[in-house]
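Worksheet: the structure to be examined is printed underneath.
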Amino acid sequence: YAFDVKDDHHFNVLLGQETWYQESMKLENEYREFTTGNFGLNDVSMGTPYEWKSSKSREGMVSVFGRVNYNYGDRYLVTGTIRGDGSSKFGKNNKYGYFPSAAFAWSIGKEEFMKQQKIFSDMKLRLSYGVTGNDRIPAYQSLSRTDKTYYSGDNNSVQLGLSPSEISNPDLKWETTYQLNGGLDISMFRNRLSIEADVYYKKTKDMLLHADVPSQIGSYRQWQNIGQV
């Protein structure tokens, strides 16, 4: 929704909602020791079944977001945004994350005092700060999971069964990155020379890492939020 207040105050407001869902199925068979390679995959019965496995997974996210742009006389530009994301990949205690950002730009070249000189053709100062989230891990990593294993049975037979593979982490949450940016754009001598200078500070916290854990707790690995960069 765009509207103006008097002649110099311009606003643009956006509200949005997004829902994303994905389901995948996988079937994988492996054959070896083909008696002849003439038929390739057209006759797998000529090979020896070696391994077969299948899987099914699903994941989803629901988001809401808003943005406000403010423009005063094409000289002062302000943007503010916020979004909330809920991911199925995280623990029941921390499925939702909230990520704000703000940006400011000053078109110094359009100020009246810049028209009195001939060296600088244009100049703009930029400042911004924002928070972003990362959920790029496999599905179900916050839950307890099992994997196949083999046990000794009667008469030295081998029995297929299940055993715990990883313990749950109901507190698993979004990896979060905080970034501060500053920049200056300068054009000189009727735009014959352009200079752009940027500086930023970036910090990532609660990193999503597949960490080693003591085997006494029933698992060797667990997804955790540890470390920062």
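The values are calculated or read from the model by the stated rules, or taken from the named source; none is laboratory data. Here the structure is a predicted model, which means the values were calculated and not measured. Ideal geometry is used to build each Cβ from the backbone, glycine not excepted, and the neighbour counts take in all protein chains shown. Heavy atoms of the whole protein, side chains included, go into the accessibility calculation; ligands, DNA and RNA do not. Shrake-Rupley method; radii C 1.70, N 1.55, O 1.52, S 1.80 Å.
For Ser87, which of the numbered conditions (1) farther than 22 Å from Ser24 by Cα; (2) touching a residue at least 60 places away in the same chain (Cβ under 8 Å); (3) surrounded by 13 or more Cβ atoms within 10 Å (Cβ to Cβ) fails to hold? Only one criterion is unmet by Ser87, namely (1).
For segment 92-117, filtering for residues that are in contact (Cβ under 8 Å) with a residue 24 or more places away in the chain, open to solvent by 60 Å² or more (accessible area, probe 1.4 Å) and more than 39 Å from the chain's Cα centre (by Cα) leaves 0. Take Ser45 and tell me if it is open to solvent by 80 Å² or more (accessible area, probe 1.4 Å) and at pLDDT below 95. It is true that Ser45 is open to solvent by 80 Å² or more (accessible area, probe 1.4 Å) and at pLDDT below 95.
Farther than 30 Å from Gly80 by Cβ, free of Cβ contacts under 8 Å to residues at least 12 places away in the same chain and either open to solvent by 80 Å² or more (accessible area, probe 1.4 Å) or of a type outside the set (A, V, I, L, M) (or both), is that true of Ser57?
On the way: farther than 30 Å from Gly80 by Cβ: yes; free of Cβ contacts under 8 Å to residues at least 12 places away in the same chain: no; either open to solvent by 80 Å² or more (accessible area, probe 1.4 Å) or of a type outside the set (A, V, I, L, M) (or both): yes.
No, not satisfied.
Within segment 13-42, the residues that satisfy the criterion of being open to solvent by 60 Å² or more (accessible area, probe 1.4 Å) and either hydroxyl-bearing (Ser, Thr, Tyr) or under 30 Å from Arg75 (Cβ atoms) (or both) are Leu14, Leu15, Thr19, Tyr21, Tyr31, Thr35. Condition (residue is within 23 Å of Gly84 (Cβ to Cβ), of a type outside the set (A, V, I, L, M) and loosely packed, with under 13 Cβ neighbours inside 10 Å) applied to segment 126-137: is it met by at least one residue? Looking through segment 126-137, at least one residue is within 23 Å of Gly84 (Cβ to Cβ), of a type outside the set (A, V, I, L, M) and loosely packed, with under 13 Cβ neighbours inside 10 Å. Does Val68 count as within 30 Å of Leu125 (Cβ to Cβ), free of Cβ contacts under 8 Å to residues at least 40 places away in the same chain and assigned to a strand (DSSP E or B)? Judged against the criteria, Val68 is not a match. Determine whether Gln228 is touching a Lys or Arg at 6+ places or on another chain (Cβ under 8 Å) and open to solvent by 70 Å² or more (accessible area, probe 1.4 Å). Yes; evaluated as a whole, the condition is true for this residue.
Restricting to segment 180-225, and then to whatever is at pLDDT 90 or above and among the small types (Gly, Ala, Ser), can you tell me which residue is most open to solvent (accessible area, probe 1.4 Å)? Going through the qualifying residues, I end up with Ser194. Look at segment 1-19: where a residue is in a strand (DSSP E or B) and a partner is loosely packed, with under 10 Cβ neighbours inside 10 Å and of a type in the set (Ser, Thr, Tyr), sitting 6+ places away or on another chain with Cβ atoms under 7 Å, you get Val13/Tyr1.
Scanning segment 156-179 for residues that are open to solvent by 40 Å² or more (accessible area, probe 1.4 Å) and within 19 Å of Met207 (Cβ to Cβ) yields a total of 5.
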